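The values are calculated or read from the model by the stated rules, or taken from the named source; none is laboratory data. The shown structure was predicted, so the numbers you read here are calculated from the model rather than taken from an experiment. Cβ placement follows ideal geometry from the backbone for every residue including glycine, while neighbour counts extend to all protein chains displayed.
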Amino acid sequence: MEKQRGSEEKTENFQGKNRRKTDDKGHGRCYNGRERMGKMDLVLAFFVFLVGVAACMSLGASLSWALLAGFFCFFLVGLHRGFSAREMARMAAEGMKTAQKVLGILLLIGLLTALWRASGTVAFFVRAGVSFITPNTFLQVAFLLPALFSMAFGSSFGVVGTAGVILMTIARSGGADLLATGGAVMSGIYVGERLSPASSAAAVTAAVAGVDDRAFRSRMWRDTPLPFLITLILYGILSQRYPIQQVDTQIMDALSTGFQLSWPVILPAAALLALPWLKISAIHSIMISCVLSAGCALFLQHMELGQLLWACVAGYQADQPELRDILSGGGLRSMLDVVIIVILSCAYSGMFSGTGFLEPVTDQVEGLSKRIGLFATHILLAFGTCMLFCNQTVGTVLSAQLTQEEYRRRNLPAMEMAANIGNSVINLAGLVPWAIACSVPLTTMGVGLAALPLAFYLYLLPACCWAGEVWRNRRKQTVSPAAGEGGAQ
């Protein structure tokens, strides 16, 4: 009996050391001796991931390779800490469900970017925008034209590769200030990242926050006018100080001869911008725009059907040599890397949530938000995640994961979290020099980091939002004591 009782006590002690707790998502977490050995396994996984990021950036390879290597490293950390392979896979799959909400939009965006090029829609707006350039308005046009394009494309990379390249070419040939032009283009290409129905960044933000995509974009419009207007005024002042000397019409001539630029080519853009205001979903708006673009390419530009279908897959290729570098691109293949990054980022989120890897950071975020406020915390998280992971999508996903408990604790709506992420990470990623959201546009335009201080909109938007939060908090503090005195009387 004594031996049996001793054996049972040892069994109970062993089970106590290796007991499993289940979180609210149903994931079993094993608290055993290996987990208490320290956090070096997690530190090592992060180190391998960061080395992979550095290698990808130095070699010019896709960041998805580093994310894939990091995924396996964090998967192994979970195994080392007592989770089974099936549990880790289930956590990753749970996170990937978020990606399912935006994959359809991402693929349609790939089609849209090729079809708009083939239909002449891009060429029309470039020619129309350039025609508004005067010596004292160039920098304002360099901001407004990419802003209009980004509202349609929803992709900063797609806009900088078309309107951005054209504007920089005009700036170089006309003697305009290249840093100011680069800053104006950087500001413009990010306007639609939060507002456009075709924006993958807006779709991911709405998905991770669990809010409706159309409602999220409507919320973003409320915070846009003030920083947008200030930015426009600043570029107006700089345009007066650094006027362009001349405008090279060679590109405009090439656009006019290469495309039939009659009024129907406006229809794809008009549909995409107008239909969401009629409460038509983003995915259906993009589909309608794609159909209209295909019609323009076939019947106005007289493109062969087989050639158009290939452009939808591999990207559009301009026939004119002078337009090949600025109008070629798009297609499903162009979105492949984005799709992989979104899927892996959401898989990270599922693993981090299920394993509790980020719980120490979440605790720090809670204390930080109490000291400096929620939006200021989002600003710091935006810079921190984008500096570490060099990617806007990963920064968005992790910002949601690290702050969602604080929003629940304060009983704040999910839209509040979505708005704070949209007003911080999406823009601020463009200010991190080694993040692809910054390095790719600057490299495409051929300007250096000195252009970033002149990208006013990127930091005026979060600055205005932060100032608004500070003002509202101070107003609450002044109203509360007055209400208390009134109640006492």
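Looking at residue 148, is it among the hydrophobic types (A, V, I, L, M, F, W, C) and under 20 Å from residue 268 (Cα atoms)? Yes: the conditions hold for residue 148.
Quick one: is residue 411 crowded, with 20+ Cβ neighbours inside 10 Å and not charged (D, E, K, R)? Before you say what the answer is, go through the steps one by one.
Values: crowded, with 20+ Cβ neighbours inside 10 Å: no; not charged (D, E, K, R): yes.
When the stated conditions are applied, residue 411 does not pass them.
Just one of (1) modelled with pLDDT of 90 or more; (2) surrounded by fewer than 17 Cβ atoms within 10 Å (Cβ to Cβ); (3) under 16 Å from residue 145 (Cα atoms) fails for residue 230. It is (3). The helices (runs of 4 or more DSSP H) found wholly in the stretch 130-207 and carrying at least 3 residues that are within 15 Å of the chain's Cα centre (by Cα) and either not small (Gly, Ala, Ser) or not assigned by TED's automatic domain parsing to the domain that holds residue 391 (or both) occupy 191-195. Just checking, does the stretch 264-278 include any residue being touching a residue at least 12 places away in the same chain (Cβ under 8 Å) and in a loop (DSSP other than H, G, I, E, B)? Taking every residue of the stretch 264-278 in turn, none turns out to be touching a residue at least 12 places away in the same chain (Cβ under 8 Å) and in a loop (DSSP other than H, G, I, E, B). Taking the criterion of being under 17 Å from residue 314 (Cα atoms), polar (S, T, N, Q) and assigned to a helix (DSSP H, G or I), the only residue of the stretch 325-355 that qualifies is 334.
Pairing residues of the stretch 125-140 that are within 13 Å of residue 166 (Cβ to Cβ) with residues that are modelled with pLDDT under 80 and in a loop (DSSP other than H, G, I, E, B), at Cβ distances under 7 Å and at least 6 apart in sequence or on separate chains, gives 133/247.
Might you let me know whether the stretch 178-191 holds any residue that is aromatic (Phe, Trp, Tyr) and modelled with pLDDT under 90? Before the answer, list the steps.
So the first thing to find is which residues in the stretch 178-191 are aromatic (Phe, Trp, Tyr), and the list is 190.
Checking which are modelled with pLDDT under 90 leaves us with none.
No: the stretch 178-191 contains no residue that is aromatic (Phe, Trp, Tyr) and modelled with pLDDT under 90.
Total residues in the stretch 380-394 satisfying the condition of being within 16 Å of residue 357 (Cα to Cα) and free of Cβ contacts under 8 Å to residues at least 40 places away in the same chain: the figure is 0.
Within the stretch 300-324, the residues that satisfy the criterion of being exposed (fewer than 14 other Cβ atoms within 10 Å of the Cβ) and over 17 Å from residue 111 (Cβ atoms) are 302, 304, 319, 320, 321, 324.
Test residue 405 against the criterion of being at pLDDT 85 or above, in the same structural domain as residue 423 (by TED's automatic domain parsing), surrounded by fewer than 24 Cβ atoms within 10 Å (Cβ to Cβ) and not hydrophobic (A, V, I, L, M, F, W, C), and give yes or no. First the steps, then the outcome.
Working: at pLDDT 85 or above: yes; in the same structural domain as residue 423 (by TED's automatic domain parsing): yes; surrounded by fewer than 24 Cβ atoms within 10 Å (Cβ to Cβ): yes; not hydrophobic (A, V, I, L, M, F, W, C): yes.
In short, yes.
Residue 345 falls short on exactly one of the conditions (1) closer than 23 Å to residue 255 by Cα; (2) of a type outside the set (D, E, K, R); (3) in contact with a Phe, Trp or Tyr (Cβ under 9 Å, 6 or more places away or on another chain), and that condition is (1). Being surrounded by 21 or more Cβ atoms within 10 Å (Cβ to Cβ), part of a helix (DSSP H, G or I) and charged (D, E, K, R) is a property that holds for residue 117. Filtered by the rule that a residue be more than 14 Å from residue 438 (Cβ to Cβ) and among the small types (Gly, Ala, Ser), the stretch 364-394 gives 367, 369, 373, 376, 384.
Can you name the residue in the stretch 319-343 that is out of contact with any Gly (no Cβ under 8 Å at 6 or more places or on another chain) and either farther than 26 Å from residue 446 by Cα or not assigned by TED's automatic domain parsing to the domain that holds residue 405 (or both) and, of all such residues, is modelled with the lowest pLDDT? Looking at residues that are out of contact with any Gly (no Cβ under 8 Å at 6 or more places or on another chain) and either farther than 26 Å from residue 446 by Cα or not assigned by TED's automatic domain parsing to the domain that holds residue 405 (or both), I get 342. Taking each residue of the stretch 361-376 that is over 20 Å from residue 462 (Cβ atoms) and looking for partners that are loosely packed, with under 14 Cβ neighbours inside 10 Å and of a type in the set (Lys, Arg) with beta-carbon atoms closer than 8 Å, six or more apart or interchain, yields 366/409.
Flag: residue 171 matches the condition of being modelled with pLDDT under 90, crowded, with 24+ Cβ neighbours inside 10 Å and among the aliphatic types (A, V, I, L, M). Here residue 92 fulfils each of the conditions (1) surrounded by fewer than 20 Cβ atoms within 10 Å (Cβ to Cβ); (2) part of a helix (DSSP H, G or I); (3) aliphatic (A, V, I, L, M) apart from (1).
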